[in-house]
1. Are there any pairs, at least 6 apart or on different chains, whose C-beta atoms fall under 8 Å, with the first in the stretch 144-155 and open to solvent by less than 70 Å² (accessible area, probe 1.4 Å) and the second among the charged types (D, E, K, R), and if so, which?
2. Mind checking which residues of the stretch 136-151 are over 19 Å from residue 12 (Cα atoms) and either touching a strand residue (DSSP E or B) at 6+ places or on another chain (Cβ under 6 Å) or not in a helix (DSSP H, G or I) (or both)?
3. If we keep just the residues of the stretch 48-82 that are farther than 19 Å from residue 132 by Cα and among the charged types (D, E, K, R), which is nearest to the chain's Cα centre (by Cα)?
4. Taking the criterion of being outside any helix (DSSP H, G or I) and at pLDDT below 95, would at least one residue in the stretch 22-45 satisfy it?
5. If I go through the stretch 76-119 residue by residue, how many of them are within 18 Å of residue 44 (Cβ to Cβ), in a helix (DSSP H, G or I) and touching a residue at least 40 places away in the same chain (Cβ under 8 Å)?
6. Among the numbered criteria (1) in contact with a Cys (Cβ under 9 Å, 6 or more places away or on another chain); (2) in a loop (DSSP other than H, G, I, E, B), which one does residue 66 miss?
7. Report yes if residue 53 is under 25 Å from residue 147 (Cα atoms), touching a residue at least 12 places away in the same chain (Cβ under 8 Å), buried (at least 16 other Cβ atoms within 10 Å of the Cβ) and among the basic types (Lys, Arg), otherwise no.
8. Out of all the residues in the stretch 1-11, which are assigned to a helix (DSSP H, G or I) and either over 15 Å from residue 49 (Cα atoms) or not aromatic (Phe, Trp, Tyr) (or both)?
Amino acid sequence: MSSTSLQSLFAFKTWAQAELFAVLAALPSQHADTVHGCLRTLNHIHVVDRIFRAHLIGERRPFDATNTPDTPAVALLRAAAAETDAWYEAYVRDLTPEQLAQTVAFTFTDGDRGAMTREEILLHVITHGGYHRGNVGQLLKAIGMAPPRELYTRFLHLREPQRRG
């Protein structure tokens with residue numbers, strides 16, 4: 001995959017998460033249970049993003065599980081996720097094809113060993129987040145709320161309206 005495609009996918013991820021957090025922040029308090037479920041899922045995405053970030057840069061992983069015992073408030077998780085998304089956008093901007101092909105060995109939170117190329121890790125982060133944002137969208141639909149339209153085509157055309165010309 002090209003560096004340009006990875007950059008676009010991570011920009012898309014940042015945009016999609018920001019849209020979803022905006023919806024959650026605006027939900028009335030009568031939907032507190034649903035918001036909590038959504039936050040648990042978004043926190044899982046964030047924790048996994050941070051774990052794989054640590055693997056990519058050779059640091060000790062910051063979490064020993066794929067979610068935290070406590071659920072952060074919307075604003076705190078939104079800020080933490082935005083910081084991590086910005087990190088990934090900067091990280092992929094500077095990678096060479098040779099670096100993308102490098103294998104990274106690591107240990108999963110369950111203790112099993114793993115190895116993936118940097119490119120595979122990055123694609124995992126993208127697909128994992130999209131899968132779980134879809135779960136959050138289903139929770140929103142269950143309470144009659146329309147989730148944001150998380151479409152890559154929509155993102156591209158909003159970012160570059162001249163593509164519609």
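The values are calculated or read from the model by the stated rules, or taken from the named source; none is laboratory data. Because the structure is predicted, anything quoted here is derived from the model rather than measured. For neighbour counting, all protein chains shown are included, and Cβ atoms are generated from backbone atoms with ideal geometry for every residue, glycine included. Each accessible area value is taken on the protein alone, full model and side chains, heavy atoms only, with ligands, DNA and RNA left out. Shrake-Rupley method; radii C 1.70, N 1.55, O 1.52, S 1.80 Å.
1. Going by the 8 Å Cβ cut-off, the qualifying pairs are 147/141; 148/19; 150/19; 150/133.
2. Residues of the stretch 136-151 that are over 19 Å from residue 12 (Cα atoms), as a first pass: 138-146.
Within the stretch 136-151, 143, 144, 145, 146 qualify.
3. 61
4. Of the stretch 22-45, the ones outside any helix (DSSP H, G or I) are 27-28.
The next check asks that each one be at pLDDT below 95; those that pass are 27-28.
Among the residues of the stretch 22-45, at least one is outside any helix (DSSP H, G or I) and at pLDDT below 95, which makes the answer yes.
5. 6
6. Of everything listed in (1) in contact with a Cys (Cβ under 9 Å, 6 or more places away or on another chain); (2) in a loop (DSSP other than H, G, I, E, B), residue 66 misses just condition (1).
7. Numbers: under 25 Å from residue 147 (Cα atoms): no; touching a residue at least 12 places away in the same chain (Cβ under 8 Å): yes; buried (at least 16 other Cβ atoms within 10 Å of the Cβ): yes; among the basic types (Lys, Arg): yes.
No; evaluated as a whole, the condition is false for this residue.
8. Within the stretch 1-11, 3, 4, 5, 6, 7, 8, 9, 11 meet the criteria.
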